[in-house]
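S.K.: Before I ask anything, let me first share the structure, which is written out below as structure tokens.
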Amino acid sequence: MQLPPFLRVRQMFPASPELEIEHAVRNEVAKLVSNVRPMDRIAIGVGSRGISNLSIIVKHTIDAIRDLGAKPFIIPAMGSHGGATPEGQRELLASYGIVESSMGVPILDSLDVQIVGSNEDGISAYCSTEAMKADGILLINRVKPHTDFFGTLGSGLLKMSVIGLGKQRGAAAMHLGAMQFGYERTIRSLAKVVLQSTPILGGIAILENQRHQTAKLQGVRKDEMNDVENGLLVQAKELMPTLPFDEIDLLIVDAIGKNISGAGMDPNVINRSIHGYDSSSARGDRPAPFIRRIFVRGLTPESHGNAIGIGMADAITSKLMAEANMKITQINALTSLTPQSAKVPLTFDSELEAIECMLGSLPITETRNSRIVRIANTLEIAEMDISETLWNSSGNLELMHRIGAW
């Protein structure tokens with residue numbers, strides 16, 4: 001089988017204004033802490049996503065609160081991630097540089113929760129017991145389109161208030177409700193209960209640009225969280241990078257992981273659902289980019305064995321399976337009620353064999369003319385390798401710059 005020659009290309013995204021993170025953090029935190037008193041205990045909720053500058057943002061938030069004479073501490077606000085164990089969640093934070101020694105505050109990693117109320121559908125809302133003991137709670141999270149559903153709500157502060165602070169029990173309750181009543185309705189209604197029943201002050205919302213760089217920080221009070229997040233999501237969608245091609249025969253992904261996306265690889269980028277996908281090579285009315293086959297090569301170390309998302313691939317390597325902890329993966333898949341996302345695809349010892357078999361499973365007469373894209377992951381797609389055929393046939397050349405041969 002003949003493979004096509006490849007080119008290295010860079011997408012030409014508009015430049016973002018430079019952001020002075022410490023100054024921005026302190027300005028935004030000041031909007032949220034007007035009622036904080038000296039000696040107040042303030043819980044800072046931090047999640048499990050691979051957010052740029054996360055440790056820096058968290059540290060400056062801690063310093064701003066400490067300057068008020070208050071006593072900040074960190075709560076892992078990540079639902080069932082880390083295998084739904086305190087040790088696993090602490091390890092996830094450590095992989096982002098968030099440890100007690102560098103942050104200068106304790107990390108209270110208990111998964112104990114308590115019911116703080118229920119929504120109109122009778123679904124219980126949960127909150128971390130440690131967070132409930134605090135005088136105030138501040139959340140830190142990135143706002144971006146959700147991986148499981150589409151609408152006016154994405155992943156952000158509201159979701160973290162329900163799933164992150166709710167730990168494994170809160171995450172499971174939300175997903176069960178979402179299967180019956182819809183994601184957005186369930187998250188918004190449970191968030192309303194949490195915001196009314198807990199000492200949440202608000203949160204720091206983070207927006208990232210197409211290059212996975214911090215583009216904006218905004219302090220959001222709890223009483224404005226619903227409306228402000230709607231506007232931030234619109235901005236996040238405008239900043240989100242995409243694969244600038246109409247059709248791709250084979251997408252090669254170097255690594256998936258929880259630090260890349262809650263779904264391992266972002267469905268908003270690959271146009272595949274965590275609940276399953278149609279493997280037919282006929283496009284029909286499916287949107288661009290229409291990707292016929294996906295081959296995943298590995299798992300990020302920061303995912304700590306959580307291989308959720310492999311179910312959206314058609315082929316993986318035996319190396320990835322060796323890196324995967326299927327018990328942790330199962331916990332995540334069962335909590336989120338997405339067993340399809342943890343199904344194991346065709347597994348190959350040889351990467352070349354995987355590529356040849358994937359192309360061989362398509363109605364392609366000349367494999368040398370295959371439209372192939374290789375990316376590091378679905379979070380970082382500013383640069384990629386593409387087949388020469390795809391470069392020659394793309395109608396979006398004005399959006400890309402050729403930077404070399406592969």
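Readers should treat all values here as calculations from the given coordinates under stated rules, not as data from a laboratory. Since we're looking at a predicted model, the values are computed, not measured. With ideal geometry, Cβ positions are generated from the backbone for all residues, glycine too; neighbour counts draw on all protein chains shown.
S.K.: Go through SER34, TRP391, ALA24 and say which Cα lies farthest out towards the positive end of the charge dipole of the chain; charges sit on Cβ, +1 for Lys and Arg, -1 for Asp and Glu.
M.R.: SER34
S.K.: Name the long-range amide H neighbours of VAL113: under 5 Å, sequence gap of 5 or more, or other chain; modelled H, no Pro or chain starts.
M.R.: THR129
S.K.: If you take every DSSP beta bridge fully contained in the chain, what fraction is antiparallel? Give it as a percent rounded to 5. The partial results should precede the final answer.
M.R.: Details: 26 of 61 bridges.
Bridges in the chain are about 45 percent antiparallel.
S.K.: Another question, if that's okay. Mind pulling the angle between the C-alpha long axis of helix 54-66 and the longest principal axis of the chain? Nearest 10 degrees, somewhere in 0 to 90.
M.R.: Around 10 degrees separate the two axes.
S.K.: Mind checking which of GLY231, THR85, SER189 is farthest towards the positive end of the stretch 31-239's charge dipole, using Cβ charges of +1 (Lys, Arg) and -1 (Asp, Glu) about the Cα centre?
M.R.: GLY231
S.K.: Scaled to the compact-protein estimate 2.2 N^0.38 Å, what is the alpha-carbon radius of gyration of the stretch 31-239, rounded to two decimal places?
M.R.: The stretch 31-239 yields a ratio of 0.93.
S.K.: Can you tell me what share of the DSSP beta bridges in the stretch 31-239 is antiparallel? A percent to the nearest 5 is fine.
M.R.: Bridges in the stretch 31-239 that DSSP calls antiparallel: roughly 40 percent.
S.K.: Same structure again: Roughly how big is the stretch 302-358's charge dipole about its Cα centre, with Cβ charges of +1 (Lys, Arg) and -1 (Asp, Glu), in debye to the nearest 20?
M.R.: 360 debye
S.K.: Okay, moving on. By its C-alpha gyration tensor, with a ≥ b ≥ c as the square roots of the eigenvalues, how is the stretch 196-261 shaped: rounded for a/c under 1.5, else prolate for a/b larger than b/c, else oblate?
M.R.: prolate
S.K.: Dipole of the chain, Cα-centred, from +1 at each Lys and Arg C-beta and -1 at each Asp and Glu C-beta, to the nearest 20 debye?
M.R.: Here the size comes out at about 520 debye.
S.K.: Given H placed 1.01 Å from N in the peptide plane, which residues other than close sequence neighbours of PHE290 have an amide H under 5 Å from its amide H?
M.R.: It is GLU247, ILE248, by chain and number.
S.K.: Can you tell me the FRET efficiency between SER102 and ASN325 if r is taken as the Cβ-Cβ distance and R0 is 25 Å, rounded to the nearest 0.05?
M.R.: Efficiency at R0 = 25 Å is approximately 0.45.
S.K.: Can you list the lysines whose alpha carbon sits under 16 Å from that of LYS192, skipping same-chain ones fewer than 8 residues off?
M.R.: Correct list for LYS192: LYS159, LYS222.
S.K.: Please rank MET179, MET358, fewest neighbouring Cβ atoms within 10 Å first, as an exposure proxy.
M.R.: Working: MET179 11, MET358 24.
If I rank by nearby Cβ atoms, fewest first, I get MET179, MET358.
S.K.: Say we join alpha carbon atoms closer than 10 Å with springs in a Gaussian network model of the chain; which of MET39, MET326, MET384 then has the biggest fluctuation?
M.R.: Most flexible of the set in this elastic network: MET39.
S.K.: Rounded, prolate or oblate: which fits the stretch 1-101 when a ≥ b ≥ c are the square roots of the eigenvalues of the alpha-carbon gyration tensor, with rounded for a/c under 1.5 and prolate only if a/b beats b/c?
M.R.: Working: a/c = 3.69, a/b = 1.61, b/c = 2.29.
Verdict is oblate for the stretch 1-101.
S.K.: Between the stretch 306-320 and the stretch 246-265, what is the C-alpha centre distance in whole Å?
M.R.: Here the answer is 10 Å between Cα centres.
S.K.: Please compute the contact order of the chain in relative form: average sequence separation of alpha-carbon pairs under 8 Å and at least six residues apart, divided by the residue count, as a percent.
M.R.: 21 percent
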